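Trainee: Pasting a structure below so you can have a look.
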């Protein structure tokens, strides 16, 4: 097989890149080690920056998002027994976010690719990258036991933190930066109306909590837990009791509980690999960086990587701009490190790191300062809605 761009990974970043390239007439093939059902079963983030929603519309997959998604103009910070609303629209120059689940984004992109007939190979094995630092890279894999090889111009590694793409770069050609946090998030999905029409991030002496939503009748809640915790140890009753304890009384009294339909524990880490490029291999999304979910940046950072790579490749094929190829990593990393900083900051002021009461008071003082300051609210809002994409020129 031969194509212009071989895309490894059929998550939202790989599918979005493939869709945008396809609309520009740039050939691409997507390969994925998991099944479509498995990819769609992943429960992930649901807050989309305005730049992400604009990119999805450009990819002509935004119709259902615009019908079923929920535009949010603000969110709340809960601490010291009170709730402070951050007015995103006011403090970010009119920007908002969209609540629309990553699973739904992936489904829309999958449906569009299936309808277009663009080639995708699922449940492949033994994916191997060849000669990524040469002018003739290729990707080999097995499908149903039969060997295949894709000769291509470029490889987009959209296969996540544990994928083969980043591991294919020689260790002396890449630097890794990591911060692992000493706790996790226990998440519960329930068919219940959300306790609030906007997200609530809660700082409490017992630990962090988040009240989120997927729709008017589907809620997503989280509580900070130990990395040693087991899902089996958390009955629904225990979870709801702990969530109530971490929310202001007025909010807790409004909480509608019900049976969980999904329950899982996720560890938290910050991670960046740089550069995000090795020859003709580009790392995209989680293959290059991870953020703790506190700042709602994971999927959105992947989308901004896709935006940059899409424009780099579009200008390369449509305008012959070879000079932009080597600028991909530099452009992406400027935005990534700022998002890493914001996600780290949100994590540091909202989670319990120790039993030290001084640390708890410092967190509460910082939250009080930022929410009582116009500059503080502006800083939070402009980072939460997403910093501007850097033009690819």
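The values are calculated or read from the model by the stated rules, or taken from the named source; none is laboratory data. All values reported here derive from a predicted model rather than from experimental measurement. We place every Cβ from the backbone using ideal geometry, glycine too, and count neighbours over all the protein chains shown.
Residues checked against (1) at pLDDT below 95; (2) under 29 Å from residue 307 (Cβ atoms); (3) more than 18 Å from the chain's Cα centre (by Cα); (4) not in a helix (DSSP H, G or I):
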residue	(1), (2), (3), (4)
344	no, yes, no, no
353	no, no, yes, yes
359	no, no, yes, no
362	no, no, yes, no
366	no, no, yes, no
375	no, yes, yes, no
378	no, yes, yes, no
383	no, yes, no, no
389	no, yes, no, yes
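Trainee: If you take the residues in segment 343-369 that are touching a residue at least 60 places away in the same chain (Cβ under 8 Å) and in contact with a helix residue (DSSP H, G or I) (Cβ under 7 Å, 6 or more places away or on another chain), which one is farthest from residue 85 (Cα to Cα)?
Mentor: Only one residue fits best here, namely 353.
Trainee: Can residue 105 be described as touching a strand residue (DSSP E or B) at 6+ places or on another chain (Cβ under 6 Å) and outside any loop (DSSP other than H, G, I, E, B)?
Mentor: On the way: touching a strand residue (DSSP E or B) at 6+ places or on another chain (Cβ under 6 Å): no; outside any loop (DSSP other than H, G, I, E, B): yes.
For residue 105, the condition - touching a strand residue (DSSP E or B) at 6+ places or on another chain (Cβ under 6 Å) and outside any loop (DSSP other than H, G, I, E, B) - is not met.
Trainee: Mind counting the residues in segment 110-148 that are part of a strand (DSSP E or B), touching a residue at least 60 places away in the same chain (Cβ under 8 Å) and surrounded by fewer than 14 Cβ atoms within 10 Å (Cβ to Cβ)?
Mentor: 1
Trainee: I need the full set of residues from segment 51-91 which are assigned to a loop (DSSP other than H, G, I, E, B) and either over 21 Å from the mean Cα position of the chain (by Cα) or surrounded by 15 or more Cβ atoms within 10 Å (Cβ to Cβ) (or both), in order please.
Mentor: Listed by number, the residues that qualify are 59, 61, 62, 69, 73, 80, 81.
Trainee: Whether any residue in segment 330-340 is over 26 Å from residue 101 (Cβ atoms), touching a helix residue (DSSP H, G or I) at 6+ places or on another chain (Cβ under 9 Å) and in a helix (DSSP H, G or I) is what I want to check.
Mentor: Yes, because at least one residue in segment 330-340 is over 26 Å from residue 101 (Cβ atoms), touching a helix residue (DSSP H, G or I) at 6+ places or on another chain (Cβ under 9 Å) and in a helix (DSSP H, G or I).
Trainee: Working only within segment 270-281, note down all residues that are outside any loop (DSSP other than H, G, I, E, B) and under 19 Å from the mean Cα position of the chain (by Cα). I'd like the intermediate steps shown before the answer.
Mentor: Taking segment 270-281 first, the residues outside any loop (DSSP other than H, G, I, E, B) are 270-274, 277-278, 281.
Listed by number, the residues that qualify are 270, 271, 272, 273, 274.
Trainee: Does any residue in segment 277-305 that is on the phi > 0 side of the Ramachandran plot and buried (at least 24 other Cβ atoms within 10 Å of the Cβ) come within less than 6 Å, Cβ to Cβ, of a residue that is at pLDDT 95 or above and part of a loop (DSSP other than H, G, I, E, B) six or more places away or on a different chain, and which pairs are these?
Mentor: Pairs that qualify, where the first residue is on the phi > 0 side of the Ramachandran plot and buried (at least 24 other Cβ atoms within 10 Å of the Cβ) and the partner is at pLDDT 95 or above and part of a loop (DSSP other than H, G, I, E, B), are 285/158.
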